[in-house]
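*Asks:* Below is the structure I would like to discuss, written out as C-alpha cells.
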Number of protein chains: 4
Amino acid sequence: MKIGFIGLGHMGNPMCRNLLKHGHKLKVYDVVADLARKLEKEGCELASSAAECARGVEVVITMLPSSPHVRSVYLSEYGVLKGAKSGTPLIDSSTIDPLTARDVAMEAKARGCPMVDAPVSGGVGGAEAGTLTFMVGGDAADYEAAKPILQGMGKNIVHCGGIGNGQVAKICNNMMLAIEMIATSEGMTLASKLGMDPKVFAAIVNTSSGRCWSSDTYNPFPGVLENVPASRGYSGGFGADLMLKDLTLVTDAAKNAKQPVVLGALAQQIYQKHSNDGHGAKDFSSVILQYMKEKA
Amino acid sequence: MKIGFIGLGHMGNPMCRNLLKHGHKLKVYDVVADLARKLEKEGCELASSAAECARGVEVVITMLPSSPHVRSVYLSEYGVLKGAKSGTPLIDSSTIDPLTARDVAMEAKARGCPMVDAPVSGGVGGAEAGTLTFMVGGDAADYEAAKPILQGMGKNIVHCGGIGNGQVAKICNNMMLAIEMIATSEGMTLASKLGMDPKVFAAIVNTSSGRCWSSDTYNPFPGVLENVPASRGYSGGFGADLMLKDLTLVTDAAKNAKQPVVLGALAQQIYQKHSNDGHGAKDFSSVILQYMKEKA
Amino acid sequence: MKIGFIGLGHMGNPMCRNLLKHGHKLKVYDVVADLARKLEKEGCELASSAAECARGVEVVITMLPSSPHVRSVYLSEYGVLKGAKSGTPLIDSSTIDPLTARDVAMEAKARGCPMVDAPVSGGVGGAEAGTLTFMVGGDAADYEAAKPILQGMGKNIVHCGGIGNGQVAKICNNMMLAIEMIATSEGMTLASKLGMDPKVFAAIVNTSSGRCWSSDTYNPFPGVLENVPASRGYSGGFGADLMLKDLTLVTDAAKNAKQPVVLGALAQQIYQKHSNDGHGAKDFSSVILQYMKEKA
Amino acid sequence: MKIGFIGLGHMGNPMCRNLLKHGHKLKVYDVVADLARKLEKEGCELASSAAECARGVEVVITMLPSSPHVRSVYLSEYGVLKGAKSGTPLIDSSTIDPLTARDVAMEAKARGCPMVDAPVSGGVGGAEAGTLTFMVGGDAADYEAAKPILQGMGKNIVHCGGIGNGQVAKICNNMMLAIEMIATSEGMTLASKLGMDPKVFAAIVNTSSGRCWSSDTYNPFPGVLENVPASRGYSGGFGADLMLKDLTLVTDAAKNAKQPVVLGALAQQIYQKHSNDGHGAKDFSSVILQYMKEKA
C-alpha cells in the first residue's frame, strides 16, 4: 500500500521503517527537511509539502507535536486536505486535545476523507520495536480500515469509540498515571522515612489495595525494581516534560468541559516545578526527587 | 491457648469467635460492658478491667479505636502492663500512629513483655470470614510467636520489619489507596464527560499504565464492575470516615517525620469535605460523588 | 469625538451611555443585533459589521467576552482592521489572555493602528456609575491618547507598561484575590468552628498580618460587614463564574509561561466545583459556602 | 509585682528585661539552666523547678515551645500547679493548640488559679522593643487582670474571647498570612514572567482587590520594598520554620474540628518542602524562592 507519512523524528522515523518492513511504499514529509533525507536513503519518496505528500497515496498518517501543528498540517493552504483525494483514509497519531481532533476530522469528512485519531503509548522503544499501543477514535468502519496499517507499527490496536476518543483515552489514562506515580513517590518516601525497608513496603503494597502500575511495574524508588529508570538514574523511559505536556492537555480539556480534576491540576503543578528544577529530560518517575532531601 | 482480648464490637467480636473456633479459650474486656456480654454467652470469660483481662493468660490481643485508647489500655493504672505476667506476648491490632506503637512497645519491653503491632485490612467482612490481612511490626522471633495466633483470625500474615512498621505499612498503603481512588474518580468522570463510555475507558486503563486496584478491582463509577459498592449505592465496604481516620493518621505521621505528602494532604481534605457533605458512612469509593454534578 | 463601540450588553451599554454623556458620538455594533437597537433609540448610529463600525470613526473601543471573539472581531474578513483607517487608535477592554492581546496588537500595528489593551475592574455597578478602573497596556504615547476617552467611562486609568500588561495586571491581581478570598473563608470558618466570634476574629486579623481586601472590605462571613454580598445572600457583586473565567485565563497564561501557580491552580478547581454545585451566579465571596456544613 | 517567669531564650529573655524595666521583680526558671544565669546577673532570682518558680509570686508567665512542654510545665509533679498558691493568675504566652490551652486552664481553675492564654506576634524584634501584640483568651475579669502586666512587654493587648481563643486567633491569622504570602509570591512571579515590572504590578495590586499585608507591607519580591527581608536576602524577620510550626498547629486543630482548610493544608506542605530544601532559617517570605528558577 502507498502511504503518505508526515511528521518525522524520534517517533516518526522508526514508525516509517516498520511500515517499510511490512511491505508498504512511503512518501514522507517534515517541515525540517533534514529529517526526511535519512528516510530517502532507506527507500522513501520525499514530498515538498503536506499537500503533496497526501497526493496520490492510499492513506495518510501524521505524527505531530501539538494541536496547532495538526490544524496547520491538515487545514492550511498547503495542507493534507488540499492534496488528498476524496475517500483517502487519514490517521492522526499525534497526542493533542480532543476538540481539535474532532474539529479537524469534521473538516476532513466534509471533503470526503474518513479520519481517525490514533495516539500512541509505548515511547521511542515501542516505536522501534513495532510494539506501540494505538488508542483509536473513529467510526467502527474507519477503525477497521485503519487497523491493518496500524498493525504494521504496533501490537495493541484498541477501539475507544467515536472520533476524539483516542485522545480522551490517552490523556485521561496519563493523568491517572501521573497522579499514581506521585502517590507512589509519596508512599515510598514516607514509609522509608518512617523506618521501613522500601522493598518490603513495595512488596506489601503490590499485594494490597494500594498497588498500581507505578508501584508494581515502574517503581520510582531506586533499587526496588531492576531494569526501570529508577535503577539507572532516571535515564530513558518517558520524559517528565512529555508527561507535563499531557497534563497540560488534560487539564485544558477538563477546563473546557467544566469538570474538576483537583489532583490532576496539582500533578500538573508538581511536574511544572520538577521541570523548572531541571529534571524535564529525565524519566517521569524522577518526580520522586521532589520528595527526597538530597536532590539529584 | 488462653487469650485475653480487649476491644470488642464490629471487628473484635467476630475476631473472638474465630479464635474460639480455632480452639482457644478467651477472656474478654471492653469499657462498654454490654459488648462483652454477648461473648460471655458464647463461652468467653469476662474481665472487669484491662489489667485483669491480661492476668493469667498466655497472650493479650487488643483492637482499639485510636492512639490515646491504646496508650491508656496498656499504660494506665488498670492497664494491661499491670496485669500481664513478664514474658506474655502482646499483640495490638489497632490502627494507630507508629510513634505511639513504638512508645507503648518500649514500655512493654521494659516490663518483660514482647509486643508486636498488627493492624488489619479486610474490614468487618474479613473479620467474620477469618480472612483478614495482618501487617505485623516487631522482632522476627516475636513475629513468629504471634503468627499462629493471628492465623486463627486471618489469611495473610505479613512481616513488615521492626515494631511500628505494621502501622507504617498500613497507613502508607491506605494513603496511596485514597489518592488512587480519587485519581480513578477524576479519570473516569472526565473521560465520561469528554464523551467516552466508562466501561470502555476502564477496560483500556486496566491494560495500560493507569491501572490500579481502584480501577480494576473496586471501580467507583456506577455500572463498570459488578459486586462493588459503586453498583449498590456505595453501601457496605470500607467507610469513607474510616479512610478519613487513616488519612489523618498518615498526614500526622508525615508532619512528625517532616516529610511532604502533597497529594496525601489534599486527599485528607477531600475526604473531610466528603464526610461533612454527609457521605461518611458510605463506602470510600463514593468520593467520586464529589466529581459528579448530581450528587447522591 | 466619533467613537466606534463593539460588544454590547451588561457592561457595554452603560459604558456607551457614559460616553454619550461626555459628548461623544457613537456608532455601535454587536453580533446580537437586538443589543444595539436599544442604543439606537438613545442616539447611537448602528453598524452592520465590525468593519463598518470601525469605518469613519476617530477611535474604536471593544468589549468582548473571550480571546477568540477578540481575534475574530479584529482580524476576520469583516473585522475592525478591514474598516479602520490607518492611524485610528484601538482600545480593547475585554479580559483575555495576554498573548492574544499582543498578537492582535501586532497585526493592528502592521496596518498602522496603535492599540492598547484596557481591561476593567468594577463590574456592572462601576460601568453604570462611570467609576471603572482601567488597567492599560501599551506604549506611553498610546496610553496618553487613550486616557481622556477612558476617563469618560472610568475613574482610575492605570498604565501597566507595554501592550498586554493590562491583561497581566488584571488576571494576576484576580488570581491573588481568589486565593485570598478562599484563605479568608478558611480562616473565618475555622476560627468560628474553634469557638471564636467571627466579628472579633475579623477585627483582630484586620489589624494584623493576615489582613487583606477580602477580610477588611469584602468579608465573606455573613454578618461581619454590612453592605457586602455576604450580608444579602451573596447577591450582586462579582459573579463566581466570572472569577472562574479569570482563573482559567490566568492558569492558562501560567502554563504557557511555564510558571507554577500551585494555589492558583487549586483555586481554579475550587471555583469550578463551586460553579458545578450551582453557585456560579452568586457573588464570588460565596465560595465560603464550600466550607460550611449547611450549604445555601 | 513579683512575677514567676518560665521559659527563657530569644523571646523570654527580652520579655523579662522589659518586665524589670517596668519595676517588677522576677523569679525565673528554664530546663536549660544556662539560659537563666544571664538573667540572674541582671537581678532576677533563680528557681530550680517550675513549681518553685511559681511559689510565692503574684503571677506566673510561661513562654514555651510546644503543647507537650506546656502540659508538662503546668501539670507535672514539679509543675506550676504544685507551687502556685490558689488565686495566682497564670499567663501562658506559648503558641500551642487551643485544646491543650483549654485543658490546662481547666486543671488550673480546678486548683483555684485563673488562667489566660496570651500568644504573641511581633517576633524577637517586638520582644526586645516591648512592642509585642498579645492575643488573649480568657474570662473578661482575668483578661483585665493580665492586661497591665502584659503592657510591660507589649503594645497591643487584644481580648479574643474565652480561654483558648488567643491561640485560635493567632494560628488562624497565621494560616491566612501563610496562604496570602504564597498568593503574593505566585502573583508577583507570574506577572514578572509575563513581562510586567514587579514594582508596577505591586503598586497596582496594592490599590486594588488583591492587596494584602504580604503585598503592601512585606512584599517577598526582591527590590519592591525597602527594609523588608526580601531586600536583604531573607535574613531576619519571622523564620520559615516558625511558620511551618504554626501551620502544623492550625492544620491539626482543623482536623480535630473536622473543618476543611484546603489551601491551609497545601501551604503547610509547601513550607515543609521549603524547609527540607534548606530554607527553614530564612524569613518566611523566602517561600517565593519555590517559584523562582534560580534558587538561592
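The values are calculated or read from the model by the stated rules, or taken from the named source; none is laboratory data. All values derive from a computational prediction rather than experimental measurement. All Cβ positions, even for glycine, are placed from backbone atoms using ideal geometry, and neighbour counts span all protein chains on display.
*Asks:* How many residues are loosely packed, with under 15 Cβ neighbours inside 10 Å, of a type outside the set (D, E, K, R) and either under 21 Å from C:Gly83 (Cα atoms) or in contact (Cβ under 8 Å) with a residue 24 or more places away in the chain (or both) when one looks only at segment C:23-45?
*Replies:* Count: 2.
*Asks:* Please go through (1) under 30 Å from B:Asp103 (Cα atoms); (2) more than 7 Å from chain A (Cβ to nearest Cβ) for B:Asn165 and return the number of the only condition it doesn't satisfy.
*Replies:* Of (1) under 30 Å from B:Asp103 (Cα atoms); (2) more than 7 Å from chain A (Cβ to nearest Cβ), only one is false for B:Asn165: (2).
*Asks:* Could you please find all residues in segment C:128-153 being touching a helix residue (DSSP H, G or I) at 6+ places or on another chain (Cβ under 6 Å) and either assigned to a strand (DSSP E or B) or surrounded by fewer than 24 Cβ atoms within 10 Å (Cβ to Cβ) (or both)?
*Replies:* Filtering segment C:128-153 down to residues touching a helix residue (DSSP H, G or I) at 6+ places or on another chain (Cβ under 6 Å) leaves C:128, C:130, C:132, C:134-137, C:152-153.
Correct list: C:Glu128, C:Gly130, C:Leu132, C:Phe134, C:Met135, C:Val136, C:Gly137, C:Gly152.
*Asks:* Just checking, does segment B:58-77 include any residue being among the polar types (S, T, N, Q), surrounded by 20 or more Cβ atoms within 10 Å (Cβ to Cβ) and more than 23 Å from the chain's Cα centre (by Cα)?
*Replies:* To start, the set of residues in segment B:58-77 that are among the polar types (S, T, N, Q) comprises B:62, B:66-67, B:72, B:76.
Then drop every residue that is not surrounded by 20 or more Cβ atoms within 10 Å (Cβ to Cβ), which leaves B:62, B:67.
Next, from what is left, pick out any that are more than 23 Å from the chain's Cα centre (by Cα): none.
Checking segment B:58-77: not a single residue is among the polar types (S, T, N, Q), surrounded by 20 or more Cβ atoms within 10 Å (Cβ to Cβ) and more than 23 Å from the chain's Cα centre (by Cα).
*Asks:* I'm trying to understand the selection: among the residues of segment D:245-271, which are under 19 Å from the mean Cα position of the chain (by Cα), surrounded by fewer than 24 Cβ atoms within 10 Å (Cβ to Cβ) and facing chain B (nearest Cβ under 9 Å)?
*Replies:* Of everything in segment D:245-271, those that are under 19 Å from the mean Cα position of the chain (by Cα), surrounded by fewer than 24 Cβ atoms within 10 Å (Cβ to Cβ) and facing chain B (nearest Cβ under 9 Å) turn out to be D:Thr248, D:Asp252.
Table: residues versus (1) within 19 Å of B:Val205 (Cβ to Cβ); (2) at pLDDT below 95; (3) among the β-branched types (Val, Ile, Thr); (4) crowded, with 24+ Cβ neighbours inside 10 Å.
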| site | (1), (2), (3), (4) |
| --- | --- |
| A:Glu226 | no, no, no, no |
| A:Pro229 | no, no, no, no |
| A:Arg232 | no, no, no, no |
| A:Gly236 | no, yes, no, no |
| A:Met243 | yes, no, no, yes |
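*Asks:* Any residue in segment C:67-88 that is within 10 Å of C:Ala54 (Cβ to Cβ) sitting within a Cβ distance under 7 Å of a residue that is basic (Lys, Arg) and surrounded by 14 or more Cβ atoms within 10 Å (Cβ to Cβ)? List the pairs, counting only those 6 or more apart or interchain.
*Replies:* These pairs meet every condition: C:Leu81/C:Arg111; C:Gly83/C:Arg55.
*Asks:* Residues A:Ser285, A:Ser235: which one is among the polar types (S, T, N, Q), under 26 Å from A:Ala169 (Cα atoms) and touching a residue at least 24 places away in the same chain (Cβ under 8 Å)? Lay out the reasoning, then the answer.
*Replies:* On the way: A:Ser235 fails: under 26 Å from A:Ala169 (Cα atoms).
A:Ser285 is the lone residue from the list that is among the polar types (S, T, N, Q), under 26 Å from A:Ala169 (Cα atoms) and touching a residue at least 24 places away in the same chain (Cβ under 8 Å).
*Asks:* Right, another one. Give the number of residues within segment D:174-200 that are more than 22 Å from the chain's Cα centre (by Cα), crowded, with 24+ Cβ neighbours inside 10 Å and more than 7 Å from chain C (Cβ to nearest Cβ).
*Replies:* Qualifying residue count, segment D:174-200: 2.
Residue-by-condition table, conditions (1) touching a Phe, Trp or Tyr at 6+ places or on another chain (Cβ under 8 Å); (2) not in a helix (DSSP H, G or I); (3) not assigned by TED's automatic domain parsing to the domain that holds D:Tyr218:
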site: D:Lys155; (1), (2), (3): no, yes, yes
site: D:Cys172; (1), (2), (3): yes, no, no
site: D:Glu180; (1), (2), (3): yes, no, no
site: D:Ala183; (1), (2), (3): no, no, no
site: D:Ser192; (1), (2), (3): yes, no, no
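*Asks:* Now for a separate question. Against the definition (outside the structural domain of D:Asn173 (by TED's automatic domain parsing), in a loop (DSSP other than H, G, I, E, B) and under 24 Å from C:Ser208 (Cα atoms)), how does D:Ile96 come out, yes or no?
*Replies:* yes
*Asks:* Could you tell me which of the residues C:Tyr218, C:Tyr234 is touching a His at 6+ places or on another chain (Cβ under 9 Å) and either over 29 Å from C:Thr100 (Cα atoms) or in a loop (DSSP other than H, G, I, E, B) (or both)?
*Replies:* Values: C:Tyr218 fails: touching a His at 6+ places or on another chain (Cβ under 9 Å).
Just one listed residue meets the conditions, C:Tyr234.
*Asks:* Within segment B:254-267, how many residues turn out to be within 21 Å of B:Trp213 (Cα to Cα), assigned to a helix (DSSP H, G or I) and touching a residue at least 60 places away in the same chain (Cβ under 8 Å)?
*Replies:* Total satisfying the criteria: 3.
*Asks:* Report yes if D:Asp117 is outside the structural domain of D:Ala281 (by TED's automatic domain parsing), over 18 Å from D:Lys155 (Cβ atoms) and within 14 Å of the chain's Cα centre (by Cα), otherwise no.
*Replies:* Numbers: outside the structural domain of D:Ala281 (by TED's automatic domain parsing): yes; over 18 Å from D:Lys155 (Cβ atoms): yes; within 14 Å of the chain's Cα centre (by Cα): yes.
Here the answer is yes, as D:Asp117 does meet what is asked.
*Asks:* Another question, then. Could you please give the count of residues in segment D:272-296 that are at pLDDT 95 or above, more than 21 Å from the chain's Cα centre (by Cα) and small (Gly, Ala, Ser)?
*Replies:* Matching residues across segment D:272-296 total 1.
*Asks:* Can you pull out the residues in segment B:201-214 that are part of a helix (DSSP H, G or I) and at the interface with chain A (Cβ under 7 Å from one of its Cβ atoms)? Give the steps one after another, and end with the answer.
*Replies:* First pass over segment B:201-214, keeping only residues part of a helix (DSSP H, G or I): B:201-205, B:213-214.
Scanning segment B:201-214 gives B:Phe201, B:Ile204, B:Val205, B:Trp213.
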